[in-house]
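Colleague: Take a look at this one; I'll ask things after.
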Amino acid sequence: MPAYSVFNVFGGNKLDRLLAINVLDVHNLPSALPMTDRQAIDIQAHVNGKMHIDQDAVAGFLNSLEYPLYYLDYETIFPAIPLFDQSSPYQQIPLQFSLHVQQRPGSKVAHEEFLHIDGGDPRDNFVRALVESCGSHGSVIVYNMAFEARINRELAALFPQQATALEAINARMADLLIPFRSRDVYHPAMEGSASIKKVLPAFVPELRYDDLAIGGGDTASRQYLKCLKNMVTEDGKQTIYADLKRYCAMDTWAEVRLIERLRELAG
């Protein structure tokens, strides 16, 4: 099986047809095979070993951003058995955010963060810190907007006194996933995925998650739950809290660097 194969590009009946004629390598696709624009971009980039970019589309995305820019990311827990009142099984409970802020083009990027370490339900303190940190204007840049926006809607229902502020944050959100998912810009190293774990090393190879003690959201959730349930020592908690901060900060710094890279590519 090639490392990059028809499984990275196709699904459903089209994949079944290719497997039926024993085609696994995208170099061997039938010339008459119909495909979407996105599939064609993926395959062409892989075969040619070259990045694809629609400079006008990328410039349009960048021009839609309004300073100050707030680069935002959440971490959550989602326990099967609810730990807090007014929560449900597997509900995403936000416990941490990272926020990088740039006031104007070319200005220094400042960092703010919140991590609930006092035990109990983190949502009240999370909301208060979030609303205070996100200001009242400027684009709020996230990667996969559906996640943070849904959490904000759930928080608005739980804390109606903060609903207006949370809805305003949602209205200001810009989804950095879009230009990569839509293939306005695509690098063959993405291997058919628009996950930030694939996009970041493709476009900003000097930044990596590999060296972090916590390198993914599921791990972050498990480690935080250990602290919440007092399954580790106090020293162990402090180590986990530091690792959580480094991981979440990496997510928003990755957003900063990806925007910078898009500006370079858009010319």
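Colleague: Net charge near Ala57: determine it from the other residues with C-beta under 10 Å of the C-beta of Ala57, scoring Lys and Arg +1 and Asp and Glu -1. Write down the numbers at each step before the final one.
Modeller: On the way: positive: Arg183; negative: Asp54, Asp56, Asp184.
Net charge around Ala57: -2.
Colleague: Springs between alpha-carbon atoms under 10 Å, Gaussian network over the chain: tell me which of Glu154, Glu112, Glu206 tops the mean-square fluctuations.
Modeller: Its mean-square fluctuation being the largest, the pick is Glu206.
Colleague: Quick one: among Pro105, Pro68, Pro188, which has the greatest mean-square fluctuation in a GNM of the chain with alpha-carbon springs under 10 angstrom?
Modeller: Answer for the Gaussian network model of the chain: Pro105.
Colleague: If you don't mind, there's one more thing I want to ask. At 7 Å along Cα-to-Cβ for each site, give me the label-to-label distance between Arg150 and Ser5 in nm.
Modeller: 3.0
Colleague: Average projected area of the Cα convex hull of the chain, in nm²?
Modeller: Details: hull surface 67.0 nm².
For the chain, averaging the hull's shadow over all directions gives 16.7 nm².
Colleague: Please give the contour-minus-distance gain from Asp218 to Glu260: 0.36 nm per residue of separation, less the Cα-Cα distance, rounded to one decimal in nm.
Modeller: Numbers: separation 42, 0.36 × 42 = 15.12 nm, distance 2.79 nm.
This chain segment gains 12.3 nm when fully extended.
Colleague: Hey, another quick one. List the relative contact order of the stretch 51-267 as a percent without decimals, with contacts defined as Cα pairs under 8 Å and 6+ residues apart. Write out the running numbers ahead of the final one.
Modeller: Values: 334 pairs, mean separation 57.1, N = 217.
Once normalised by length, the contact order is 26 percent.
Colleague: Related question: From the Cα gyration tensor of the stretch 155-224, with a ≥ b ≥ c the square roots of its eigenvalues, which class applies: rounded if a/c is under 1.5, or else prolate if a/b is larger than b/c, or else oblate?
Modeller: Values: a/c = 3.27, a/b = 1.49, b/c = 2.19.
The shape class here is oblate.
Colleague: Once you place label points 7 Å from the Cα toward the Cβ at Lys50 and Val109, how far apart are they in nm?
Modeller: For Lys50 paired with Val109, the spin-label model returns 3.0 nm.
Colleague: Is the stretch 198-267 rounded, prolate or oblate when judged by the Cα gyration tensor, a ≥ b ≥ c being the square roots of its eigenvalues, rounded requiring a/c under 1.5 and prolate requiring a/b larger than b/c?
Modeller: Note, shape of the stretch 198-267 comes out prolate.
Colleague: Here's another thing I want to ask about it. Can you pull out the trypsin sites (Lys or Arg not before Pro) in the stretch 96-181 that DSSP calls coil and that have at most 15 other Cβ atoms within 10 Å? Before the final figure, lay out each step's value.
Modeller: On the way: sites: Lys108, Arg123, Arg128, Arg150, Arg153, Arg172, Arg181; in loops: Lys108, Arg172.
Here the sparse-neighbourhood loop sites are Lys108.
Colleague: Sticking with this structure for a sec: Any idea what the alpha-carbon Rg over 2.2 N^0.38 Å comes to for the stretch 108-243?
Modeller: Values: Rg = 17.3 Å, N = 136, 2.2 N^0.38 = 14.2 Å.
Output field value: 1.21.
Colleague: What number in nm² do you get for the stretch 51-156 if you take the convex hull of its Cα atoms and divide its surface by four?
Modeller: Numbers: hull surface 35.1 nm².
With the hull built on Cα positions only, its mean projection is 8.8 nm².
Colleague: So which residue, out of Leu72, Leu33, Leu176, gets the largest mean-square fluctuation from a GNM of the chain using Cα contacts under 10 Å as springs?
Modeller: Result for the chain, Cα springs under 10 Å: Leu33 fluctuates most.
Colleague: I would also like to ask the following. Going by average Cβ density within 10 Å per residue, which order do the peptides 234-240, 221-227 take, highest to lowest?
Modeller: Numbers: 234-240: 13.7, 221-227: 18.6.
So the peptides 234-240, 221-227, ranked by packing, come out 221-227, 234-240.
Colleague: Going 7 Å from the Cα of Glu234 along its beta-carbon direction, which residues of the stretch 102-128 have the amide nitrogen within less than 15 Å of the resulting point?
Modeller: Counting backbone N atoms under 15 Å from the label point, the list is 118-119.
Colleague: At what distance in nm do the modelled label points of Ser139 and Asn125 sit from each other, each positioned 7 Å from its Cα along Cα→Cβ?
Modeller: The modelled label-to-label distance comes out at 3.3 nm.
Colleague: What's the whole-number percent of alpha carbon pairs in the stretch 1-124 lying beyond 18 angstrom?
Modeller: Numbers: 5445 of 7626 pairs.
That tail contains 71 percent of the Cα-Cα pairs.
Colleague: Based on DSSP H runs of at least 4 residues, each adding -39500 (n - 2.57), what is the mean residue ellipticity at 222 nm of the chain after dividing by all its residues, to the nearest 500 deg cm²/dmol?
Modeller: On the way: 10 runs with 122 residues, N = 267.
Calculated at 222 nm, the ellipticity per residue is -14000 deg cm²/dmol.
A short reminder: the numbers here are calculations on the coordinates, not readings from a lab. All values derive from a computational prediction rather than experimental measurement. Note that each Cβ is placed from the backbone with ideal geometry, even for glycine, and that neighbours are counted across all protein chains shown.
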